[in-house]
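The values are calculated or read from the model by the stated rules, or taken from the named source; none is laboratory data. Quantities reported herein were computed from a predicted structural model and do not represent experimental measurements. Ideal geometry is used to build each Cβ from the backbone, glycine not excepted, and the neighbour counts take in all protein chains shown. Areas reflect the complete protein model, heavy atoms only, side chains present, ligands, DNA and RNA absent. Shrake-Rupley method; radii C 1.70, N 1.55, O 1.52, S 1.80 Å.
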Amino acid sequence: MAAASVAPGVALREATQRRLQRFSELRGKPVAAGEFWDIVAITAADEKQELAYKQQLSEKLKKKELPLGVQYHVFVDPPGAKIGNGGSTLCALRCLEKLYGDKWNSFTILLIHSGGYSQRLPNASALGKIFTALPFGNPIYQMLELKLAMYIDFPSHMNPGILVTCADDIELYSVGESEFIRFDKPGFTALAHPSSLTIGTTHGVFVLEPCNYLEYGDLEYRCCHCFLHKPSIEKMHQFGAVCRRGNFSQQAFVRDDIPSLKVDPEYVYTDSLFYMDQKSAKKLLAFYEKIGTLSCEIDAYGDFLQALGPGATVEYTRNTSNVTKEESELVDVRQRIFHLLKGTSLNVVVLNNSKFYHIGTTEEYLFHFTSDSSLKSELGLQSLAFSIFPAVPECSGNTSCIIQSILDSRCSVAPGSVVEYSRLGPDVSVGENCIISGSHIVTTAVLPAYSFVCSLSLKMNGHLKYSTMAFGVQDNLKKNVKTLSDIKLLQFFGVCFLSCLDIWNLKITEELFSGNKTCLSLWNARIFPVCSSLSDSFTTSLKMLNAVQNKSTFSLNNYKLLSIEEMLVYKDVEDMITYREQIFLEITLNRK
């Protein structure tokens, strides 16, 4: 138990800083056996993403930003249908078997799901969610380093097996100085965090077996009766997942400093990462080998964990309300997984002093990096992180956030905005709540509030080109329509997309969209100009943005146009890494 004299928030911050410090000491050094993971594996959606991840891992190892003597792998999903993070897990197990034979039976393995194109946070689309930059550290930490730091204590208290996590969330926790989270029970073990019932509707929720002790603690080991995936509030009550403060049989130990729990006396325990032992992993692998190929999306949480615990029933397999695309074989595959895993135990590590943060959308990204004082304090996030910009004002509340960038002292960045891996000249003015990524802005530029701009290097017919995606941070790139006549339902920067096409003098034809012609969205709309320099690319895309804002005209007819979907096909990872490295070296020299 944590010492009662230490406030929960202080204990959380101190525990987080200790883990960061321990990881910092391991960076660039060979690790001893049992001290760290045997294998760290990252999943990728396709071969282009696999190559991008491998290039970035190679750079990190070369620059000694990661612990050495560990096997780092990227496992790519097979081509064809999307298979979800559950399918990616099965695929990763097969890759481990091919690479290591029976040897991986004795390994501790971290599996990070990072396949997918981050359509809700597109500055992570080109280089991957797991390589999202964070505003602290020298060199700058990315999500990968943070994951490795936060899980630093796990491998030495874990039986051989696999820890499964996602690339865009952060779990912070305090368990007391002499205690450690152990993953040493057979079956599956999941972490659980106290959350409001509203949060529970978008996560997995644990229905815990009753306990008969009255003492509470930061860390508790409990058994799970059953697991509910994104349940309604009514369902949480119906299954007995809801706990109340003051009810010791259901645990009253809920922190007042967790914002979502300050008012509501009711709470639930929600999921984050989970561990499976070697026997369970082998069982899933044998199942995957037997079915050969998957042609439906399997969810590692919804489809594996819902099969576990004595209270699990087959009903959930027929519920496809949370499924983005319902394939005919989905229910059949789910039922086979249920019968395969039924009877397997689900152990829960209840972390009563913990926080779960998600950074997978533009709104979450801006909030956590510029406004959220809790995460800033716990992780030591900075407003000016490894950057040159003498003018950043430090004040309470909203600030701007500058990450590995070089800004002229005369440019201005409004509070609530994030600038990463960019150069901004003296006559640049950035409005509030903007995201600027990978850009070079040398001319006079006024970026309207709530703008998103991200420049990519492209390799087209052997030539280096550039394109900058630009839209509003609140635009929904995933929203799609089936026919050209319905594109009036799409919005670009809050304006009807049809009106925008008119402003840009673009014709409404099927050629306007790349890829699937029955799935038309801002993601696959060919509206972004290709230019020969990084700065021209930004300037041109800003003109199209301003034209929409001012309801003026800016013809895109004379440009080669790409969709974001196509930019990711043509992306030149090497050039983007080189650009970041040039900024890094300049900042380093300036500091000396």
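Brief remarks on what is shown
- What the Cβ-Cβ distance of LEU498 and ARG336 gives, at R0 = 30 Å and to the nearest 0.05, is a FRET efficiency of 0.05.
- Simple rule: put +1 on each Lys or Arg Cβ and -1 on each Asp or Glu Cβ in the chain, find the dipole, and look at PHE538, LEU381, GLY472; the Cα lying farthest toward the positive end is PHE538.
- Note on ARG591/LYS64: beta-carbon distance plugged into 1/(1 + (r/R0)^6) with R0 of 22 Å gives a FRET efficiency of 0.75.
- Placed amide H near PHE183: partners under 5 Å, 5+ positions off or other chain: MET158, ASN159
- Think of a 1.4 Å ball rolled over the protein heavy atoms: the stretch 383-591 then has 42 Å² of accessible area per residue.
- Counting heavy atoms of the protein chains alone, HIS229 has an accessible area of about 40 Å² for a 1.4 Å probe.
- Using θ = phi - 60° in the Karplus curve 6.51 cos²θ - 1.76 cosθ + 1.60, the 3J(HN,Hα) couplings for the stretch 542-557 round to 5, 4, 5, 5, 5, 4, 5, 4, 8, 6, 9, 10, 8, 6, 9, 4 Hz; x is entered for Gly and Pro.
- C-alpha center-to-center spacing [the stretch 323-392, the stretch 480-546] in angstrom: 30
- Modelled label reach - GLN71, point 7 Å along Cα→Cβ, the stretch 82-101 residues with backbone N closer than 14 Å: 92-101
- Those trypsin sites (Lys or Arg not before Pro) in the stretch 303-379 that DSSP places in a loop and that have at most 13 other beta carbons within 10 Å: LYS325
- Virtual paramagnetic centre 7 Å along Cα→Cβ of LYS279, amide N under 20 Å, in the stretch 102-117: 102-109
- The magnitude of the dipole of the stretch 383-591, with charges of +1 and -1 set on the Cβ of Lys/Arg and Asp/Glu and taken from the Cα centre, is near 440 debye.
- In this entry, the stretch 445-547 is assigned a mean projected area of 6.6 nm², taken as a quarter of its C-alpha convex hull surface.
- Computed magnitude of the charge dipole of the chain (debye, nearest 20; Cβ of K, R +1, Cβ of D, E -1): 680
- Antiparallel content of DSSP bridges confined to the chain, in %, to 5: 55
- All lysines inside 24 Å of LYS63 as judged from Cα atoms, apart from same-chain residues fewer than 8 positions distant: LYS29, LYS48, LYS54, LYS129, LYS147, LYS571, LYS592
- Working value for the stretch 1-148: equivalent-ellipsoid semi-axes of 28, 20, 17 Å, each the square root of 5 times a Cα gyration tensor eigenvalue, largest first.
- Positive-end extreme of charge dipole, the chain - chosen from GLN142, LEU568, CYS411 (charges on Cβ): LEU568
- Antiparallel DSSP beta bridges within the stretch 383-591, percent to nearest 5: 50
- Measuring max minus min along each principal axis, the C-alpha atoms of the stretch 333-470 give extents of 65, 49, 24 Å (largest first).
- The gain in end-to-end length when the LYS98 to SER552 segment is fully stretched comes to 157.6 nm, 0.36 nm per residue minus the alpha carbon separation.
- Cα radius of gyration and Dmax for the stretch 383-591 (Å): 17.4, 56
- When the Cα positions of PRO78, VAL207, LEU308 are compared along the charge dipole of the chain, PRO78 comes out farthest toward the positive end, with charges on each C-beta of Lys, Arg, Asp and Glu.
- The stretch 119-202 - Rg (one decimal) and Dmax (whole number), Cα, Å: 15.3, 42
- Evaluated at q = 0.17, 0.20, 0.22 Å⁻¹, the base-10 log of the normalised Debye intensity for the stretch 121-161, with identical point scatterers placed on the Cα atoms, takes the values -0.56, -0.68, -0.75.
- Rounded to the nearest 20, the Cβ-based charge dipole of the stretch 62-123 about its Cα centre (Lys and Arg +1, Asp and Glu -1) stands at 220 debye.
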